[in-house]
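The values are calculated or read from the model by the stated rules, or taken from the named source; none is laboratory data. Nothing here was measured: the structure is a model prediction, and the numbers come from that model. Reconstructed Cβ throughout: ideal geometry from the backbone, glycine too, with neighbour counts over all protein chains shown. All accessible areas refer to the heavy atoms of the entire protein, side chains included, with ligands and DNA or RNA removed. Shrake-Rupley method; radii C 1.70, N 1.55, O 1.52, S 1.80 Å.
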Amino acid sequence: QVQLVESGGGLVQPGGSLRLSCAASTSIFSIYPMGWYRQAPGKQREFVAHITTGGSTNYADSVKGRFTISGDNAKNTVYLQMNSLKPEDTAVYYCHSLRTNYWGQGTQVTVSS
């Protein structure tokens, strides 16, 4: 069983930045593609970004140009760098392995002044 543990969430002002981390219990090379999803209160979970074994990335239009997904195979960790945060980015962010369909427990991101 693969365990994915997210961290790095918190409260940030609009325009600020956060970096989320997703630490895997196994080599992320073996469980790529990896993705980030988010779920705001009262809304369905939605795609944010994903990264493939070869390093190709894809983003939701709402975060393109502001968020960057990356992976560190040596640390078995996938990151989501979030810049220029907006109140509408407020959500619980989840890490996901598309190959194994495992999910992390989520980390709360709140963007508010």
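Could you tell me what percent of the DSSP beta bridges with both partners in the chain are antiparallel, to the nearest 5? Around 90 percent of the beta bridges assigned by DSSP in the chain are antiparallel ones. Here is the list for segment 21-60: trypsin sites (Lys or Arg not before Pro) lying in DSSP coil, each with at most 11 other C-beta atoms within 10 angstrom of its C-beta, are Lys43. Using the Cβ of Thr110 as centre and a radius below 13 Å, the other residues enclosed give a net charge of 0, where K and R count +1 and D and E count -1. In the full protein context, the chain carries 51 Å² of accessible surface per residue, based on a 1.4 Å probe and ignoring ligands, DNA and RNA. Counting only Cβ charges, +1 for Lys and Arg and -1 for Asp and Glu, the dipole size of the chain around its Cα centre is about 40 debye. Comparing Gly54, Gly42, Gly71 in a Gaussian network model of the chain, where Cα atoms under 10 Å apart are tied by springs, the biggest mean-square fluctuation is seen for Gly42. Taking Ala23, Ala60, Ala91 in turn, the Gaussian network model of the chain (Cα-Cα springs below 10 Å) assigns the largest fluctuation to Ala60. Note that segment 42-57 has calculated 3J(HN,Hα) couplings of x, 10, 6, 5, 10, 5, 10, 6, 8, 9, 9, 4, x, x, 5, 10 Hz, one per residue in order, obtained from phi through the Karplus relation 6.51 cos²θ - 1.76 cosθ + 1.60 (θ = phi - 60°); glycine and proline are x. Taking a ≥ b ≥ c as the square roots of the eigenvalues of the Cα gyration tensor of segment 46-113, is the shape rounded (a/c under 1.5), prolate (a/b larger than b/c) or oblate? It is prolate, given that a/c is not under 1.5 and a/b is the larger ratio.
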